[in-house]
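See structure below.
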Protein chains: 2
Amino acid sequence: MYFSKFFVPTTKQEPSDAELASHKLMIRSGMIKKTASGIYNWLPIGLRVLKKVENIVRESMNSFDAQEILMPMVQPAELWKKSERYNDYGKELLKFKDRSERDFVLGPTHEEVICDIFKSYPISYKELPVNLYQIQTKFRDEIRPRFGVMRSREFVMKDAYSFDIDQDGLIKSYENMKNAYIAAFNKIGLEYRIVKADAGVIGGDVSEEFHIIADSGEDLIAISDSSDFAANVEVLDYKKDPSELNGQESPDGHGKLQVKRGIEVGHIFQLGQKYSEKMKVSLKNEKGQEQNLYMGCYGIGISRIVAASIEQNHDDIGIIWPYSIAPFHINIICLDPKRKEVLEECENVYEILKKSGHDVLLDNRDLRAGIKFSEHEMLGIPFSIIIGPNNYNKNHYEFTVRSGNVKSELTIDEIKQKMEKLK
Amino acid sequence: MYFSKFFVPTTKQEPSDAELASHKLMIRSGMIKKTASGIYNWLPIGLRVLKKVENIVRESMNSFDAQEILMPMVQPAELWKKSERYNDYGKELLKFKDRSERDFVLGPTHEEVICDIFKSYPISYKELPVNLYQIQTKFRDEIRPRFGVMRSREFVMKDAYSFDIDQDGLIKSYENMKNAYIAAFNKIGLEYRIVKADAGVIGGDVSEEFHIIADSGEDLIAISDSSDFAANVEVLDYKKDPSELNGQESPDGHGKLQVKRGIEVGHIFQLGQKYSEKMKVSLKNEKGQEQNLYMGCYGIGISRIVAASIEQNHDDIGIIWPYSIAPFHINIICLDPKRKEVLEECENVYEILKKSGHDVLLDNRDLRAGIKFSEHEMLGIPFSIIIGPNNYNKNHYEFTVRSGNVKSELTIDEIKQKMEKLK
């Protein structure tokens with residue numbers, strides 16, 4: 001992509017309502033733009049990141065045998081009355097009437113719809129498990145939307161629903177999804193923990209959250225310093241202040257607890273028969289008896305991961321993207337685009353790097369070098385090459401790694417090797 | 001994909017409200033499932049087709065310099081009041097209040113939001129044209145939703161919006177988008193015509209529609225038999241019955257008109273300054289004068305193309321997908337999956353065809369051959385290979401082309417060549 005043709009409305013103004021670094025940086029770097037309280041547009045550079053997260057999650061879901069579908073955002077109220085959540089869900093559930101005065105809701109989650117899909121088809125219990133997911137826009141009418149896309153009202157979520165004939169099957173489906181999440185989060189490459197959690201309004205017996213560790217996180221989690229144990233402090237025992245948990249023996253007997261902050265980006269639930277009973281989703285089991293199915297549900301906040309990544313990886317001057325979800329892998333900063341030989345050399349390097357499979361940005365704008373450098377640092381692109389009048393014909397270039405701002409002089413082949421190594 | 005693990009709830013029951021072949025076949029083949037009047041789920045096999053259409057359109061938009069963004073479905077009423085469409089748009093515009101009693105609408109189209117995005121950024125007229133698009137869920141509260149996803153209330157649309165400093169620029173942006181549409185529709189490979197049209201409620205001076213020709217189409221279009229001329233009969237002159245136009249001289253002086261039926265799947269508009277004036281989207285022009293921008297808008301009904309394709313290409317027994325958007329390219333029908341050698345040979349062929357880049361379905365279900373054949377024909381997968389106890393070890397297979405049901409005996413290499421040639 002040539003920067004001169006790219007719609008990246010960066011701004012120096014910070015939004016007055018921004019408390020978090022991610023919110024400020026996403027606005028300033030032209031990733032998102034607000035349309036109403038808690039309602040954002042994803043602009044080109046932001047959407048590139050969102051789509052990369054989406055695709056990593058999609059590939060992981062597919063390779064763990066979940067199948068993609070697309071459910072509607074507008075859902076009939078009658079389904080929510082059947083599940084008895086029409087009133088229980090509270091005011092986050094946005095209700096309205098269509099032109100025929102029929103009651104509808106804007107889907108904050110899709111347990112009701114998936115049950116309705118599943119129950120109408122004549123499937124044998126032998127064909128279970130079935131696990132269906134979607135990546136789709138959700139709406140939750142938050143009382144206090146804030147932190148940009150971190151706590152917005154309209155957002156992109158991956159939600160999956162598994163159906164099994166018994167508890168053993170559910171446990172297998174749940175473990176399978178947990179492994180899919182681990183694969184996806186490992187691929188994204190952020191520091192995260194799997195945390196014992198409270199099932200809350202969704203319901204069910206067992207649930208775990210995936211948290212990205214960041215000082216600005218809203219959740220407090222207690223982590224063992226010498227095992228995998230981690231739990232949301234909500235489910236642990238303490239008297240007044242969660243910091244009491246610091247230094248306590250870990251409940252799994254291994255190591256001491258340490259309280260940290262996390263951002264919840266995934267949540268998996270063993271729902272059991274809660275929905276299948278109310279929505280009448282049953283099949284004949286091995287013995288020929290009609291049996292309510294065992295359900296699991298599994299969510300990932302796609303848009304929230306984008307913000308959480310920035311919370312975990314940024315510095316005073318801007319974003320630092322991991323390679324896996326960076327909007328571009330490398331930015332070629334052309335210092336004198338008006339000079340034909342310099343621009344041509346930049347375009348050569350651009351084509352070479354594109355051919356080797358990298359997402360390349362070429363900053364060919366006629367702007368001062370200082371502006372280009374500071375925008376580059378704010379945008380958080382992992383690597384850059386600086387090509388100007390002094391080095392365009394020397395076959396080696398100034399190559400910079402955004403994380404740590406490490407600079408070196410390298411040939412194009414050395415740059416390609418370095419990128420492979422560091423990605 | 002192994003059919004035994006694939007959620008394809010085919011059914012013999014036709015929906016009672018179905019009038020069109022596409023509606024019947026999409027329900028019967030398990031592509032879609034209704035949740036409420038005009039509100040459908042896309043199930044795995046349907047979503048595969050939808051995503052293929054989406055990706056062809058996306059690639060075409062990108063290669064004609066449009067940039068992808070994502071706008072919200074929930075839009076503040078105040079924007080629609082500014083454009084004066086809050087009342088003008090009629091009851092298709094679904095209105096509601098959020099928990100703070102603020103007025104919102106569910107976006108049927110995004111001219112207001114895109115103006116609001118565009119106007120807030122300090123861009124020079126020299127950086128124009130800018131063309132931004134999205135592929136997103138829309139809602140229109142149709143008074144009579146019908147024909148399945150053809151006239152649904154919630155649907156997937158690609159909408160694009162161009163901004164130019166003057167009329168000449170707009171005409172160039174419009175022609176550019178027209179070429180992007182031609183590229184996309186050629187790639188999809190359906191018979192279509194570009195039709196002069198009425199701009200209707202969207203407004204503006206010039207507009208053209210892209211119609212897929214099909215006997216069941218709702219629109220009447222008059223087509224010249226010896227030139228490119230085509231027009232929606234709405235914009236032509238006739239007294240009582242559009243069939244009067246049959247045999248008339250074409251308005252472009254070339255050939256005679258013939259009235260056909262079409263399904264509108266794309267619409268491009270030169271909006272001019274209609275929205276920029278009301279929404280105050282202006283820039284300083286070359287002379288330093290503040291100037292309302294010239295806008296174009298460009299829509300493609302992604303979900304509608306799926307149904308229109310079926311309307312154009314089906315027979316008494318089922319769907320016939322063009323290769324470009326087929327959910328799978330080839331179906332390996334295993335006649336005796338319980339016999340180890342037969343299943344292994346099917347799996348060999350499956351891996352070979354997958355490696356050569358085809359989307360392959362392997363029907364390994366333990367069902368009667370007749371059921372598998374008739375489901376295969378209903379699903380409309382372009383090619384099939386039948387492997388059973390009589391031929392699994394003979395190095396040539398029964399290969400069938402769905403269109404015309406042409407059968408031949410071929411080796412695996414001949415099959416690959418044939419698929420390349422026919423795709």
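Here are the numbers for the structure shown:
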| item | result |
| --- | --- |
| In the stretch A:181-201, the residues that are closer than 19 Å to residue A:322 by Cβ and buried (at least 23 other Cβ atoms within 10 Å of the Cβ) | A:181, A:184, A:185, A:192 |
| Checklist (1) more than 30 Å from residue A:50 (Cβ to Cβ); (2) in contact (Cβ under 8 Å) with a residue 12 or more places away in the chain applied to residue A:287, failing item | (2) |
| Tally, over the stretch A:227-283, of residues that are under 30 Å from residue A:117 (Cβ atoms) and among the basic types (Lys, Arg) | 3 |
| Residue count for the stretch B:71-116, restricted to those that are assigned to a helix (DSSP H, G or I) and small (Gly, Ala, Ser) | 1 |
| Checklist (1) surrounded by fewer than 19 Cβ atoms within 10 Å (Cβ to Cβ); (2) basic (Lys, Arg); (3) more than 10 Å from every other protein chain (Cβ to nearest Cβ) applied to residue A:99, failing item | (3) |
| Residue in the stretch B:149-180 that is nearest to residue B:53 (Cα to Cα), counting only those that are open to solvent by 30 Å² or more (accessible area, probe 1.4 Å) and within 14 Å of chain A (Cβ to nearest Cβ) | B:155 |
| Options A:38, A:30, A:90: the member that is touching an Asp or Glu at 6+ places or on another chain (Cβ under 8 Å), at the interface with chain B (Cβ under 10 Å from one of its Cβ atoms) and on the phi > 0 side of the Ramachandran plot | A:38 |
| Residue tally, condition open to solvent by less than 10 Å² (accessible area, probe 1.4 Å) and not in a strand (DSSP E or B), over the stretch B:273-313 | 13 |
| Single match in B:67, B:75 (criterion: touching a Leu at 6+ places or on another chain (Cβ under 7 Å) and within 8 Å of chain A (Cβ to nearest Cβ)) | B:67 |
| Subset of the stretch B:117-133 that is open to solvent by less than 10 Å² (accessible area, probe 1.4 Å) and not in a strand (DSSP E or B) - its residue that is farthest from the other protein chains (Cβ to nearest Cβ) | B:118 |
| Subset tally (residues that are assigned to a helix (DSSP H, G or I), open to solvent by 50 Å² or more (accessible area, probe 1.4 Å) and touching a Pro at 6+ places or on another chain (Cβ under 9 Å)) for the stretch B:314-368 | 1 |
| Any hit, the stretch B:54-63, residues being in contact with a Leu (Cβ under 7 Å, 6 or more places away or on another chain), under 20 Å from residue B:303 (Cα atoms) and without any contact (Cβ under 8 Å) to a residue 60 or more places away in the chain | no |
| Of the criteria (1) polar (S, T, N, Q); (2) under 19 Å from the mean Cα position of the chain (by Cα); (3) open to solvent by less than 10 Å² (accessible area, probe 1.4 Å), which one residue A:63 fails | (3) |
| In the stretch A:369-406, residue nearest to residue A:348 (Cα to Cα) [restricted to those that are among the aliphatic types (A, V, I, L, M) and in a helix (DSSP H, G or I)] | A:369 |
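This table checks each residue for (1) under 22 Å from residue B:189 (Cα atoms); (2) open to solvent by 80 Å² or more (accessible area, probe 1.4 Å); (3) without any contact (Cβ under 8 Å) to a residue 12 or more places away in the chain; (4) of a type in the set (Lys, Arg).
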position	(1), (2), (3), (4)
B:379	yes, no, no, no
B:385	no, no, no, no
B:388	no, no, no, no
B:393	no, yes, no, no
B:401	yes, no, no, no
B:419	yes, no, no, no
B:423	yes, yes, no, yes
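The values are calculated or read from the model by the stated rules, or taken from the named source; none is laboratory data. Everything quoted here is computed from the prediction, not taken from an experiment. With ideal geometry, Cβ positions are generated from the backbone for all residues, glycine too; neighbour counts draw on all protein chains shown. Accessible surface is based on the protein model in full, side chains and every heavy atom, while ligands, DNA and RNA are left aside. Shrake-Rupley method; radii C 1.70, N 1.55, O 1.52, S 1.80 Å.
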